[in-house]
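Some notes on the structure that comes next.
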Amino acid sequence: MATFDGLFDPAKVAEKRRQDAEKREALARIKAWAEELLPEPARGRLKVTVNEVVCGDPACAPIDTVVEFWGELRTGFGMPSRAAEVTHADLVSFLPDEDVLVAWARGFDAEWPKPAPPPALKPEFSPGDDVEAWLGGQWQPAIVTSVWHREKGWPLDAYVPYRVDVVDTMRTCYAPTVSHVRARRRSRLRSRSRSRSRSRSRSRDRGDPPGAAANGIFPTPHEPSWRFDVGERVACKMGEDTWLPGTVELRDEPDPAAYPGFALLPYVVRIDDGFRMVSAARDNDAFIVAERDMPVSAEGE
């Protein structure tokens, strides 16, 4: 006759009950600690819950202890260990700062961990300024809505210099570099002059060497060694042997084949026929030169 002794082991059942009781006691203890650590303005506004959560990511702990705060928002944080292993010191080290907890209690979705401070470079334009933004391969009229902007969930040191609303559609967009936004232009000749002087004055104000990249976001895509400013006359290589003259329209153009903002092309050049915009993949003589240095063979074409 078959026996089923393995289906019911009193020792295993007792151990399971002991572990469950230990877990309940630990969760209650952590909850009490968290409530005691809440700053006075947040008490009564935030309800604390503590649970163990199985983490499916092999890079993290198998079990996380998650502390959540319930109010106008649902916020919280996790600790990479079982509840029974969490000490008071662990909780204190993971607990958000007082100002973050107070912000959560008041309904503001403050970031935690806190992001790095924005770059010290002051952008040329301010919220409310009328500008043009380089979007979809063309300059479009826009209004600056914020400077050194970031969104929750971005890398902690990631900022874009401008967030803008496009005038025609009122669609919100981000400018990945300062050179993707310029003053709203009235005429082409005047705009080139202003762009050149504005770009050079920015370099002088910052003490950068001539041609330094006007670029201060994360990640920095290029070393500050630009040879040409926006508005300068250059020649770009087109195909095998053809060089055509044009004007630098933009620097740090996002590479469409790369993750947005993480690989940028040095220059966008408007060819003199007025209809073509071409990108220079590298800032060297194989791709772009000053107009006066355009190869003789190309000039005779």
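The values are calculated or read from the model by the stated rules, or taken from the named source; none is laboratory data. Quantities reported herein were computed from a predicted structural model and do not represent experimental measurements. Using ideal geometry, Cβ is built from the backbone for each residue, glycine included, and neighbour counts are taken over all protein chains shown.
If I filter the range 79-93 for residues that are in the same structural domain as R29 (by TED's automatic domain parsing), of a type outside the set (S, T, N, Q), part of a strand (DSSP E or B) and in contact with an Asp or Glu (Cβ under 8 Å, 6 or more places away or on another chain), do I get at least one hit? There is at least one residue in the range 79-93 that is in the same structural domain as R29 (by TED's automatic domain parsing), of a type outside the set (S, T, N, Q), part of a strand (DSSP E or B) and in contact with an Asp or Glu (Cβ under 8 Å, 6 or more places away or on another chain). Apart from one condition, L91 fits all of (1) modelled with pLDDT of 95 or more; (2) surrounded by fewer than 19 Cβ atoms within 10 Å (Cβ to Cβ); the exception is (2).
Taking the range 123-158 as the range and being assigned to a loop (DSSP other than H, G, I, E, B), out of contact with any helix residue (DSSP H, G or I) (no Cβ under 9 Å at 6 or more places or on another chain) and among the charged types (D, E, K, R) as the test, the residues that pass are D129, R150, E151, K152, D157. Residues being surrounded by 11 or more Cβ atoms within 10 Å (Cβ to Cβ), touching a strand residue (DSSP E or B) at 6+ places or on another chain (Cβ under 9 Å), part of a strand (DSSP E or B) and assigned by TED's automatic domain parsing to the domain that holds L95 are represented in the range 57-64 by at least one member.
Scan K152, K114 and give me the residue that is basic (K, R) and at pLDDT 90 or above.
K114
In the set P127, P118, which member is surrounded by fewer than 15 Cβ atoms within 10 Å (Cβ to Cβ) and closer than 16 Å to V178 by Cα?
Every option except P127 fails the conditions.
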